[in-house]
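*Asks:* Below is a structure I'd like to ask you about.
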Amino acid sequence: MQENKITVGFIGNGKSVNRYHIPYILARPEKFIIKTIFDKNLAHSPWIKINGVHYTECLDDLLQDSELDVIIVNTPLCAHYECAAKVLSAGKNCVVEKPFTYTEKEARTLFDLAESKGVLLQAYQNRRFDSDFLTTLKVIESGKLGEIFEFISCYDYYRPEMPENIQHYSADTSFLYGHCHALDQVLSYFGRPDAYHYDMRQLTGKGRMNDYFDLDLTYQNLKVSVKSSFFMVKPRPSFAVYGKKGMFVKMTEDRQEEDLKHFYMPVNQDFGIDRIKEYGTLAYYDDDHVYHEEKVISERGDYGRYYDSLYETLVQGKPQLVKPEETLLLMHVLEEATRSLTLE
């Protein structure tokens, strides 16, 4: 490492790299240096090159570079396993974009390889730092809801053209695989469920895209539901939590993605911050049985906190944010939930 800075390389140069990774790394120049970005078709890339970064169509420029501390795999899902295996075999720390792999077996093989090489392997679960999710956890931990018995997460769209244009099912286009961050959020907080129930649908017809999911995870007296669909004309609340003393509803999602789409970057002080109209509503009875209803100021979301944690792990020796067993559990649930989907 150069002056306690982590030197980073990327495999991939698409929207995810340039929208959800690079802006947050560039906002942390005291911790990270981006040295090299690999892409097979740089000539056709629409993204503006970053000054001082080496762009290459030769993967060995990353794998054989002794200065690179971590390589981030940000390819389509079909190349995650192969690319991660090459990075690990080269003795490099590796971060893999979600969804991590197709199967739990593939994920376990990669973690075994990382252990044998003595390097870090971690999934990129930046959405643990969504504002709406963090705010919901803050309310739960305040104790004002009492014992919670239902937790609902919805991640809805109205984009019917997406499933209508996809003729065949695959994990690559599965709505659940593509939005596995919603499942990772609840698994990272509540842990391994006691029981599962999966409602997976192909609303455009058998053998077509998985365009709807409704997963119920049971923890003793608590039911956690994770739902999503491409056919919601109006979205359901992003989060709703019900307890024996109260409830909390957060209608709107984290604003970071919206700002990034408009090239409004994390270096701005008001980046990703909710406005008053987007605050969630908390209603509860206190210990004197007095009713309260109030707006809850949203926590600040920041996907860069993933990189702060990565820095702490690699430089300061702190535990990984996204633990291998969490990624293996997520892959197990993804694989089991989609097993019932028809392929033709």
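*Asks:* Going by amide H atoms built from the backbone, whose H comes under 5 Å of the H on Ser238, apart from near neighbours?
*Replies:* Close amide H contacts, sequence-distant or interchain: Lys250, Met251, Thr252.
*Asks:* Sticking with this structure for a sec: So how strong a dipole does region 270-344 carry about its Cα centre when Lys and Arg Cβ are +1 and Asp and Glu Cβ are -1, to the nearest 20 debye? Please report the intermediate quantities before stating the final value.
*Replies:* Details: 8 positive and 17 negative charges, 71 e Å.
That gives a dipole near 340 debye.
*Asks:* Evaluate the relative contact order of the chain (contact order divided by residue number), counting alpha-carbon pairs under 8 angstrom at least 6 apart; express in whole percent.
*Replies:* On the way: 680 pairs, mean separation 63.7, N = 344.
Relative contact order, the chain: 19 percent.
*Asks:* With the contact rule set at Cα under 8 Å and sequence spacing of 6 or more, what percent relative contact order holds for region 64-153?
*Replies:* Details: 94 pairs, mean separation 21.4, N = 90.
Contact order relative to length: 24 percent.
*Asks:* Springs between alpha-carbon pairs under 10 angstrom, Gaussian network model over the chain: which of Pro324, Pro237, Pro29 fluctuates most?
*Replies:* So, out of Pro324, Pro237, Pro29, the one fluctuating most is Pro29.
*Asks:* Further, regarding this structure: At R0 = 41 Å, how high is the FRET efficiency between His54 and Tyr291 if r is their beta carbon distance? Nearest 0.05 is fine.
*Replies:* Numbers: r = 61 Å, r/R0 = 1.49.
Using R0 = 41 Å, I get an efficiency of 0.10.
*Asks:* Quick check: pseudo-label points 7 Å beyond the Cα along Cα→Cβ at Asp112 and Tyr157, how many nm apart are they?
*Replies:* With each label point 7 Å from Cα toward Cβ, the separation is 3.6 nm.
*Asks:* Shifting gears a bit: What residues have an amide H closer than 5 Å to that of Tyr124, excluding those fewer than 5 places away on the same chain, when H is modeled at 1.01 Å from N in the peptide plane?
*Replies:* Val96, Glu97, Lys98
*Asks:* Tell me, how many Å apart are the Cα centres for region 46-63 and for region 261-311?
*Replies:* With region 46-63 and region 261-311 each reduced to a Cα centre, they are spaced 36 Å.
*Asks:* Another question, if that's okay. Scan around Val70 for amide H atoms under 5 Å from its own, H built in the peptide plane at 1.01 Å from N, and keep only partners 5 or more places away or cross-chain.
*Replies:* Thr7, Gly9
*Asks:* Given springs between every Cα pair under 10 Å in a Gaussian network model of the chain, which of Ser228, Ser89, Ser45 has the largest fluctuation?
*Replies:* Maximum fluctuation in the GNM of the chain, among the listed residues, is at Ser45.
*Asks:* Which ³J(HN,Hα) values in Hz, rounded to whole numbers, follow from the phi angles of region 121-135 under the Karplus curve 6.51 cos²θ - 1.76 cosθ + 1.60, where θ = phi - 60° and Gly and Pro get x?
*Replies:* Rounded to whole hertz, the list is 10, 8, 7, 8, 9, 5, 6, 5, 10, 6, 4, 5, 5, 4, 5.
*Asks:* May I pose another question? Evaluated at 4 °C with a viscosity of 1.567 mPa s, what Stokes-Einstein diffusion coefficient in µm²/s does region 186-331 have when Rh comes from the Kirkwood expression over alpha-carbon pairs? Before the final figure, lay out each step's value.
*Replies:* Working: Rh = 18.8 Å.
D, rounded to a whole number, is 69 µm²/s.
*Asks:* What is the distance in Å between the Cα centres of region 172-198 and region 91-129?
*Replies:* Taking the Cα centre of region 91-129 as reference, the centre of region 172-198 is 17 Å away.
*Asks:* Most fluctuating residue of Glu141, Glu278, Glu257 in a GNM of the chain with Cα springs under 10 Å: which is it?
*Replies:* Per the Cα network of the chain with a 10 Å cutoff, Glu141 tops the list.
*Asks:* If you don't mind, another one. Could you work out [θ]222 nm for the chain from helices alone, using -39500 (n - 2.57) per DSSP H run of at least four and dividing by all its residues? Round to the nearest 500 deg cm²/dmol. Could you put the intermediate results ahead of the total?
*Replies:* On the way: 11 runs with 98 residues, N = 344.
About -8000 deg cm²/dmol.
*Asks:* I would also like to ask the following. Can you give the Kirkwood hydrodynamic radius for the chain, in Å, rounded to one decimal and based on Cα pairs? Display every interim value, and only then the final one.
*Replies:* Working: mean 1/r = 0.0468 Å⁻¹.
So the Kirkwood estimate lands at 21.4 Å.
*Asks:* Starting from the Cα of Ile166, step 7 Å along the direction of its Cβ; do the same at Tyr264; then give the gap between the two resulting points in nm.
*Replies:* 3.0
*Asks:* Just list whichever of Lys86/Lys117; Lys138/Lys250; Lys15/Lys261; Lys5/Lys92; Lys15/Lys250 have alpha carbons separated by over 18 Å in the model shown. Display every interim value, and only then the final one.
*Replies:* Details: Lys86/Lys117 12 Å; Lys138/Lys250 12 Å; Lys15/Lys261 10 Å; Lys5/Lys92 16 Å; Lys15/Lys250 28 Å.
With Cα atoms farther than 18 Å apart: Lys15/Lys250.
*Asks:* Per residue of region 302-312, what does 6.51 cos²θ - 1.76 cosθ + 1.60 with θ = phi - 60° give for ³J(HN,Hα)? Whole Hz please, x for Gly and Pro, Karplus curve as stated.
*Replies:* 6, 5, x, 5, 4, 6, 4, 5, 4, 4, 4
*Asks:* Could you compute Rg(Cα) / (2.2 N^0.38 Å) for region 6-124, with N its residue count?
*Replies:* Numbers: Rg = 13.5 Å, N = 119, 2.2 N^0.38 = 13.5 Å.
Rg over 2.2 N^0.38 Å, computed on Cα atoms: 1.00.
*Asks:* In addition: Put +1 on the Cβ of every Lys and Arg and -1 on every Asp and Glu Cβ in region 6-124; which of Leu62, His21, Val87 then has its Cα farthest towards the positive end of the dipole?
*Replies:* His21
*Asks:* Hey, what do the phi angles of region 47-63 turn into as Karplus ³J(HN,Hα) couplings, whole Hz, using 6.51/-1.76/1.60 and θ = phi - 60°, x for Gly and Pro?
*Replies:* Going residue by residue, I get 8, 5, 6, 8, 4, x, 9, 8, 9, 9, 9, 10, 5, 4, 4, 8, 5 Hz, with x marking Gly and Pro.
*Asks:* Neighbouring Cβ atoms within 10 Å as the yardstick, rank His292, His179, His262 fewest first.
*Replies:* Values: His292 11, His179 18, His262 7.
Ascending number of Cβ neighbours within 10 Å: His262, His292, His179.
We did not get these values from a lab; they are worked out from the coordinates using the rules stated. All of these numbers come straight from a predicted model, not from anything done at the bench. All Cβ positions, glycine included, derive from the backbone under ideal geometry; neighbour counts span all protein chains shown.
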